[in-house]
Amino acid sequence: MSSPRDRDGSDRDGSDRDGFEQRPDEGSGWREPGHLGGGDRSGAEPAAPQPPAPQPPASEPPASQPPPAGPEQGGGSTAWQPPGWELPPAAPDRPAQQPPAGPRTAGPPAGGGLFGPRRPRTPGEVERLFAYQGDPVGAQAWAVQQGWDISDGTGPEDAALAELVRTAPVRATRDHRPAGVMRGRYGTLDLVAFDVLFASGRYAVPEYAVTAAPVLGALPPLRLSPARFWRHRTGGLVHVPSGDPAFDTRWVLLAAEDGPAARALVGSDAVRGLLLGTDDGDEFWTAPGPGGGGLAGGWIAAIRPDGHRPQLIEHHARLLTAVVGALAPAL
């Protein structure tokens with residue numbers, strides 16, 4: 001029995017085997033894009049070429065250029081095209097802008113290594129923090145206004161200050177040196193004030209402020225310190241009490257012997273009254289002069305863990321005036 005369909009897939013009545021009629025115009029509207037060299041495949045005459053649109057000047061930005069003519073403007077076939085099928089119009093060639101010649105490119109490069117000039121080293125945060133500023137609080141400016149002399153601590157007249165630093169009641173090392181020296185007169189005393197600078201490598205930090213008064217006569221070793229301070233190098237010194245419980249609770253006097261100088265110092269009402277009115281932040285000691293004491297005299301000095309400032313110089317000057325006045329009868 002024969003099949004109702006022929007081998008060519010069509011029915012006996014000539015219709016398509018899938019039930020669809022032939023569509024001779026199927027795909028007739030498709031064409032290749034213009035940039036691939038294709039045109040209208042229907043055999044019709046191609047549209048007359050349009051003259052190229054005038055190009056805008058190079059200084060005009062691409063956004064302000066007129067859009068290219070589309071199919072609805074008479075620019076070619078009106079057949080349907082997928083979105084984005086045509087390539088965008090090419091932007092005109094623009095000359096590359098050279099960077100302006102700056103200070104580093106205008107002249108020949110400075111001397112340097114294999115990879116060009118070496119930039120100066122920038123100090124780090126720690127170095128900037130601990131850099132010695134010289135006179136940040138105006139102590140030397142105050143001294144100049146008072147008619148005092150200023151030096152950097154390295155002159156011949158500053159050589160005797162090294163003995164003050166060496167005998168100070170603090171842990172001074174060979175890296176500590178005097179700096180920012182100020183000399184002048186305050187009241188009845190000739191004073192020298194300076195910072196004890198810790199200089200090691202790139203760091204220079206003022207750790208202590210010293211104010212000293214030179215005196216004539218022999219001075220026994222004395223050290224007057226707050227009781228709350230840790231005391232260093234006290235070998236050979238004895239404690240000399242004052243007999244005032246309020247004073248002995250806060251202050252300690254150490255001396256080579258319980259002699260007239262020590263008794264005169266702790267027995268002075270002016271000295272005890274001034275010290276009890278402070279914050280217990282200063283220490284006092286005696287040091288021999290350049291000739292080792294005796295007729296060459298010596299120093300009575302005060303020290304505080306801080307940098308010098310005008311208020312501290314005046315504070316030390318008042319205390320040293322009382323201390324020197326108390327020791328004067330024993331000299």
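A few comments on the model shown:
- Residue count, the range 218-255 (criterion: over 41 Å from the mean Cα position of the chain (by Cα) and closer than 20 Å to L161 by Cβ): 3
- Test: residue in the range 136-157 that is part of a loop (DSSP other than H, G, I, E, B) and crowded, with 16+ Cβ neighbours inside 10 Å: yes
- In the range 226-277, the residues that are touching a helix residue (DSSP H, G or I) at 6+ places or on another chain (Cβ under 8 Å), of a type in the set (G, A, S) and crowded, with 16+ Cβ neighbours inside 10 Å: S242, A255, A261, A264, S268
- Residue check for R231: touching a Ser or Thr at 6+ places or on another chain (Cβ under 8 Å), charged (D, E, K, R), under 17 Å from A328 (Cα atoms) and in contact (Cβ under 8 Å) with a residue 40 or more places away in the chain: no
For (1) modelled with pLDDT of 95 or more; (2) in a helix (DSSP H, G or I); (3) not β-branched (V, I, T), each residue gets a yes or a no:
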| site | (1), (2), (3) |
| --- | --- |
| F247 | yes, yes, yes |
| G273 | yes, yes, yes |
| F284 | yes, no, yes |
| W299 | no, no, yes |
| G307 | no, no, yes |
| L320 | yes, yes, yes |
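- Failed criterion for L327 (all others in (1) buried (at least 17 other Cβ atoms within 10 Å of the Cβ); (2) under 17 Å from P169 (Cα atoms) hold): (2)
- One residue stands out among those in the range 174-209 that are within 25 Å of the chain's Cα centre (by Cα) and among the hydroxyl-bearing types (S, T, Y): the one that is surrounded by the most Cβ atoms within 10 Å (Cβ to Cβ), which is Y208.
The values are calculated or read from the model by the stated rules, or taken from the named source; none is laboratory data. The structure presented is a predicted model; accordingly, all values stated were derived computationally and were not measured. Using ideal geometry, Cβ is built from the backbone for each residue, glycine included, and neighbour counts are taken over all protein chains shown.
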